[in-house]
1. First compute the accessible area of region 312-369 with a 1.4 Å probe, then give the percent of it belonging to carbon and sulfur atoms.
2. For region 422-428, take each phi angle, set θ = phi - 60°, evaluate the Karplus expression 6.51 cos²θ - 1.76 cosθ + 1.60, and give the result in whole Hz per residue in order, putting x for glycine and proline.
3. Can you tell me how much longer the chain between residue 312 and residue 417 gets when fully stretched, taken as 0.36 nm per residue apart minus their C-alpha distance, in nm with one decimal?
4. Label-point separation (nm) for residue 259 and residue 534, each offset 7 Å from Cα along Cα-to-Cβ?
5. With +1 on the Cβ of every Lys and Arg and -1 on the Cβ of every Asp and Glu, and nothing else charged, how large is the dipole of region 67-197 about its Cα centre, in debye rounded to the nearest 20?
6. Where the eigenvalues come from the Cα gyration tensor of the chain, what are the semi-axes √(5λ) of the equivalent ellipsoid, largest first, in whole Å?
7. FRET efficiency for residue 387 and residue 563, Cβ-Cβ distance as r, R0 = 25 Å, nearest 0.05?
8. So, in nm, how far is label residue 220 from label residue 463 when the simple model puts each one 7 Å beyond its Cα toward the Cβ?
Amino acid sequence: MSAIGIDFGTTNSVVAVHGSDGVDLLPIDTPPPNWLGLGFEKIMPSVLGVGVDREATFGWNAKSQPVDKLEAVKRLFATEDTVRIGGAEYSVELAASLLFARLKKGAEEAGAPLDRAVVTIPANSRGVARFRTKLCAGLAGIDVTALINEPTAAAMAHSLSAGEDHTILVFDWGGGTLDVTVLETVAGVFMERASKGIQRSGGLDLDNLFEAALLVDLPESATWDEKDRGLFRLEVERAKILLSEQPTTNITLPDETKREVHRDVLERAIRGKVEETRGPIDQCLQDLSISASAIDHLVLVGGSSKIPYVRQFVSEVLGKEPATGADPMTAVAEGAAIAGAILANELDADFFVSTEHALGTISVDERDVEEFSVLIGRNHKLPAKAQNGYRPAHSGQSSVTIRVIEGDPEVPLDHPDNVILKEWDVDLDPSRTQDENAFTIVYEYDVDGILHVNVTSDTTGDMLLHEDLSFGASKDKAGLVSLAQSVNETMAGAALGGGEAGTKPSAEVDADSQGLLEQVRTKILPFVDEQETELLEGLCRALEGAIADEVGNCREALETTARKYAYLLL
């Protein structure tokens, strides 16, 4: 058997497979000649483009386009619904699903069928980003057996074979995010102890700063068009990478002249951004009440961590030299493949992940002052379950509003770090006292980004609220049947259209049955195994083809089989 791991990165993606001889990287894309020798031979840029005939382009082909491309779709998971590429608007889910589909195709061309995999996510990802990652992989035909935090995967790649127990600090600075995570290994088990990060900090931001510094001495850039700026941007990124290995390099300008660039220009440009990384390091140590001397191994991961100035800075902060052995560009994918092997019982080890943000609700006191009431705290191991008791702020209330909040209880409620994910009104008996209307909120949070919310009456034991929350993504899922069709058509060579049409009900199927069919196909099929997919799809086809007298029985059979996946029917 072989287990596959996917590092679906902000700027680059990697697929690794664990077999009898260890971990291998799959050649899923080929860089152009001027990028060869820079460590990208088995890395696919996470870039989606639109070609001259509206065809989808991927990876290096898309990255090499100066215009009409989308980079860093992963950064949009927590904030955006749509994105524009080549003058047309697409859903974020379609863009990400197409990239997953290209990874699947590349792996299969390399001889490794990619039907299921462990997929990595930044440790500081919010719930909606975790959910969308699994959703988009599922739409591309990849069953996500587990989501694993990137630093945990990197730690596995670094030290799975190490015999002794130790404490590892992973400094993961890739293209889009910074994650600092402290882990412990105890008897082969990897456990996250503390994690803190910066969501929008990475290679893309360093490129912006470096580019701005270079443009100061290029007044002719004021006349550049969009294509010129796109070509220059590629040269800036390549120069940043080369300056990690050598003190100077040349940048080719749009007019094909060359300009020499020195490493100290890069270092001055990014100094402030690098110094910001001290905050998450200090916070992790503070959370655990330990000093830097308690760290046994410092593991640097991500392309940004290859910059000599960055490595020196982090090393000085911790008073420790970075560990060697693991490739910063591929360690996360290698660790994901190792995690897959662990889940398949091919390796004798284990791992746990934890929350980077607190989950709770907003409580109100008698003065109507709101506060963040934590149920599942930061750095809590997943899956997690917690509960807390509450009562209405005033007597005679006929309802209360239950609001799910994710973020940091140490900052003001209206701080950007705090996000209201969902809210519901729960009915109360206005004739009861505050104590008689007391209730208990229970949160169950699993590793797939699904939060189960239950509210029960302390007086009667009645269930007042039972919801499964995919962090707001349910509003995006109405058209997933057509999304999946768009992914299949695009990967088969059809032109990339200007968006997704809604799912059209079949004329032969009544509205209730059509609603059930859409729910099963959009909310269940992307996440279940092949055998269950075959069963459910067969029941769907039977319902679609049923004559009038059979419709009720066929619908009941499908409903009964789908009921055990109620947590997906959001």
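The values are calculated or read from the model by the stated rules, or taken from the named source; none is laboratory data. Computed from a predicted model, the values in this text were never measured in an experiment. Cβ: placed from backbone, ideal geometry, glycine included. Neighbour counts: every protein chain shown. Heads up: the accessible areas ignore ligands, DNA and RNA and are worked out on the full protein's heavy atoms, side chains in. Shrake-Rupley method; radii C 1.70, N 1.55, O 1.52, S 1.80 Å.
1. On the way: 1090 of 2440 Å².
Carbon-and-sulfur percentage of accessible area, whole number: 45.
2. Per residue, the Karplus-derived 3J(HN,Hα) values read 6, 8, 9, 8, 10, 6, 10 Hz.
3. Contour length minus the Cα-Cα distance gives 34.8 nm.
4. Here the answer is 6.1 nm between the modelled labels.
5. Numbers: 14 positive and 17 negative charges, 61 e Å.
Dipole of region 67-197, to the nearest 20 debye: 300 debye.
6. Details: eigenvalues 322, 197, 116 Å².
Whole-Å semi-axes of the equivalent ellipsoid: 40, 31, 24.
7. Details: r = 25 Å, r/R0 = 1.01.
Plugging the Cβ-Cβ distance into 1/(1 + (r/R0)^6) gives 0.50.
8. Calculated label separation equals 7.1 nm.
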